[in-house]
Structure formats: structure tokens, C-alpha cells
């Protein structure tokens, strides 16, 4: 019955009235039918059961109504949630489809890229194979060309041995020395000069005889008298002209001038021939210098261990020897990576040296490499690379210049014009200005014609400065107001160094970049006049003499 209290009050009253009225009627009927017997307990129980059943149904109906309302609300909410879920699910499905499509696209792109990578890798392998074949073929062609050039150089050298001369080994006491013997070209020129000298002497002798027969300058004595004519005829008949003690007969003025003109013409012709022979001799001397240089080069190349075209550092193919120094050889090489010619300088240490001396030489070469590597100027030879072959051999790779150096040019041509000399000096000064403007500045200290390369071998072209083995770095630690200390006194080429480099005292001399300026002046003088400065010769000779005395005193003190 507790469930009744949960109903609506109005509804509860209606239900109570209905059932109370029913009970009253039942009571009356039970009283009227009392005769039939007293109201049994069964009827009451039935009524109670019916009421209980009714209220149970009402409660169930109420709960069902509430549950139905709740279910309706739940169904309505569920429908909304399902729509949202369906929308979200559709969105998620779309996103998933997009992602799956994107993944498929990326997978296809990845496959395409992998396929392209494989194709490019195969193409790269083919290109590498082709490059290796091209490199091999280039090496083969370069070696063939170099071999042919070597053969032609040796054939030409053998031909020039007879024409220009050759070295012969001559024994002098217990030793053998090489002596130069001129070829037939020089011998022919010497014979021609001797013949010209003989002809000149003969003409001079005849001119002296002609001077003795010169007619007098007075007009009255221009024509011979009849007696003189008879005497000439008599002497001619008797052969008296052969008598040396007789006074030679006089000539007429016309005869004298005729003979004098002939002698002058002959002397002029001989002088012209002598000038031609002298010019030919100078030309042959220049050719002979080249021939001697080529003979030495061929001899050094044949004795070199790098003569068979090795490839150094898997990159530089050696072609032929350019020159040899004290402990180094310079080869013309071909850079297989950069496809360009280069000059490879091979430094070979003496195996009999002590380790300390080897270390000092290697340290000196590394210092030169560090200084030279940072330089980048069109008038300075570029340094490309540096590598070691073994513990006693290392190489530096330099820019290749086809021409010779200025020293060889001056030996060949003696001097040059002022314009050519000015052009060379301007280019040298331009390089020196660059060396002075970089930080820290650098002093070359070994400027000379041998370290100035002519790019095309002529004096009217470009030049490049090389060899920074003795260069000095003017850093803040070593350079002061008065300059920097010269720690390598005695090094360098004496004829091109200023006087302050030879000052001997307790403290080392001070130098600056003016050292290179002095060297440029001496080089300019030598280019114009074909010789070194005279006062430099005498000054350097005296300074060198006292310097050597000082060294000997210091050595034995």
C-alpha cells in the first residue's frame, strides 16, 4: 500500500472513493443476505486481493507510463546520438579514406622514387663505368702522346748532338769531368770567321801597299813625265818590280781611287758577312742553350724513378720531367679529376739523413705549403694540393705554366725593351701589393728572375711569381716598428738582396717588405741592360767576404 502514496493526491482520492463505495454496498448486501449466512472471510479476502491487484495494476501502469516516457526520451536522445555518431563515423570514414588514399599515393610515390633511385643508381653506375673508361682512355692517349714526345725529343737531341755539340767525358788526373764539344754548325761559323779575318788582313795589307803608291796631291805631278814613263817600261821589262828594296811606282789619281774604292767595298762586304755570322752565332748559342738544357733534362728523366708515367695519389698522371733541383723533381702532370694540366713537385729526402734533418726539411715544406695555399692572386702561381707518398717522399701540386722563367729568357735574349720591362715590373708590383695587403702580410724574400715565370714564354705576356720557400710572415708577434728579425741570414740569392740582410752583429738584422722592393729594382735593371748592377756586385762581394770571415771566426772561436 505504500505505493499509493506515490500517486497523484487527486487520483488517490478518486480511487479511494470508488473502492470505499463498493465496500459499503457489499456490506449492505451482506447484511440483507444475513440469512443466507454471515459474510464469510473468503469474500473479504477476495475483495482485498482484488484491491491489491488493482493497485498493483495501477502501480504497474504508473511505472510503465514512467518507463515509457523515459524510454521515449531515451529513444529520442539515442536517435540524436546515433545521428551524431553516424555523422562522426562518416567523417572518420572520409578522413580514413583520405588518409588511406594519401598513404596509397605516398606509397606509389615512394615506389616511383625508389624506382627512379634505382634507375639513377644504375645510370650512375653506367656513368661511372663510362667515366672510368674515359679516364682509362685519356690516360692511355696521354701516355702515348707523352711517349711520342719523349721519343721525338730524344731523336731531335741526337740530331742536334752533331750540329750543336755534346758532352764528352774527359779524364783529368784521377777524376773524370764532362767537357762540352761544339758541333759542325759552330765549327763552320768559326771557319767562316777565320776566313773573313784572313780576307780583312789581306785587304789591309794591300791598302797599306796602295798607300805607298799614292800619287802626290800637287796638280803639276798628276801626270807622269816622259822619263818616268820610260823608267816604268824599263822596270817592267827587266822585272825590277819584284825587288822589295825599290820604291814602288806611283799610280795615277784615277787608278788610286779605283783601287781604294774596291778595297772599301770588299771591307764593307766582309763586315756585312761578319755581322750575319755573328747573328747566326748568337742564334746558335740560344739554340745550344736549349739543347744543353734538354740534354740535362733527358739525362735526369732517364735516371728518375718516376719516368714510367705513374699515377700519384690515384689522381695525377705524370707525363714528363720539367726540371730537377737539389732534392726535388718537377713533373708535368695531368689531373684526372679536374681534367687540367698541373706541375707536380716531388720532394725526395735523402735516406742517409738524420731524422732531425728530415723533420726540419718536412717542416719547412709544410710551412711553405701553408703560406702558399692561402694566396689567391692572378700574378701568383696557385697551389692546388699536397700529399705524401711515403715517409721520405711528399708532393706539392702547382699551377702549370707553359713558358720558361725570366732567367732563361734573359740568358737567351740578353735584355728586353723598356716597355716589356715596365710591363713585367708592373705585374710584379701588383703581386707584392697583394702580399702586403693580406693579413698577416708576407715577404717573399727570394724574388729573382728564376722565380718569375713567363706564362707564354715571351716578355710581352703575363707573369706569375713562384717559390715561397723563404717567405716571411709579418705577424704581430714577430713584426715591430723597425721590422722583423731575420732568422735565416745567409739564405736567398745574394745579388737580389738589400744591404741590410748582410749586417753582422750581436742581434739579427731587421727586415721589412722593402726587401722585395730592392729585388724588383735589381730585376728591372737586369731586364733593361742585360747585366746585374755593378755596385751590387762589388758591395755584395765585400759583404759576403766579411760575412764568411765572421762565420769562420764564430765557428772556430
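Entry remark, region 369-417: residues being under 17 Å from residue 449 (Cβ atoms) and touching a helix residue (DSSP H, G or I) at 6+ places or on another chain (Cβ under 9 Å) number 18 in total. Annotation note: of 139, 150, the sole residue that is surrounded by 11 or more Cβ atoms within 10 Å (Cβ to Cβ), assigned to a helix (DSSP H, G or I) and touching a helix residue (DSSP H, G or I) at 6+ places or on another chain (Cβ under 9 Å) is 150.
Given the structure, is residue 338 in a loop (DSSP other than H, G, I, E, B), within 17 Å of the chain's Cα centre (by Cα) and outside the structural domain of residue 448 (by TED's automatic domain parsing)?
On the way: in a loop (DSSP other than H, G, I, E, B): yes; within 17 Å of the chain's Cα centre (by Cα): yes; outside the structural domain of residue 448 (by TED's automatic domain parsing): yes.
Considered against the rule, which asks whether it is in a loop (DSSP other than H, G, I, E, B), within 17 Å of the chain's Cα centre (by Cα) and outside the structural domain of residue 448 (by TED's automatic domain parsing), residue 338 comes out as yes.
Scanning region 139-155 for residues that are farther than 15 Å from residue 332 by Cβ and touching a residue at least 24 places away in the same chain (Cβ under 8 Å) yields a count of 1. Report yes if some residue within region 279-292 is at pLDDT 90 or above, in contact with a strand residue (DSSP E or B) (Cβ under 7 Å, 6 or more places away or on another chain) and in a helix (DSSP H, G or I); otherwise report no. Checking region 279-292: at least one residue is at pLDDT 90 or above, in contact with a strand residue (DSSP E or B) (Cβ under 7 Å, 6 or more places away or on another chain) and in a helix (DSSP H, G or I). Taken together, the criteria exclude residue 360 from residues that are part of a helix (DSSP H, G or I), surrounded by fewer than 17 Cβ atoms within 10 Å (Cβ to Cβ) and touching a residue at least 40 places away in the same chain (Cβ under 8 Å).
Would you confirm whether any residue within region 252-269 is assigned to a loop (DSSP other than H, G, I, E, B) and either modelled with pLDDT under 90 or under 30 Å from residue 146 (Cβ atoms) (or both)? Full working, then the answer.
Going residue by residue through region 252-269, those that are assigned to a loop (DSSP other than H, G, I, E, B) are 252.
From what's left, either modelled with pLDDT under 90 or under 30 Å from residue 146 (Cβ atoms) (or both): 252.
Checking region 252-269: at least one residue is assigned to a loop (DSSP other than H, G, I, E, B) and either modelled with pLDDT under 90 or under 30 Å from residue 146 (Cβ atoms) (or both).
The values are calculated or read from the model by the stated rules, or taken from the named source; none is laboratory data. Everything numeric in this text was worked out from a predicted model, so none of it was measured. Virtual Cβ from ideal backbone geometry, glycine too; neighbours counted across all protein chains shown.
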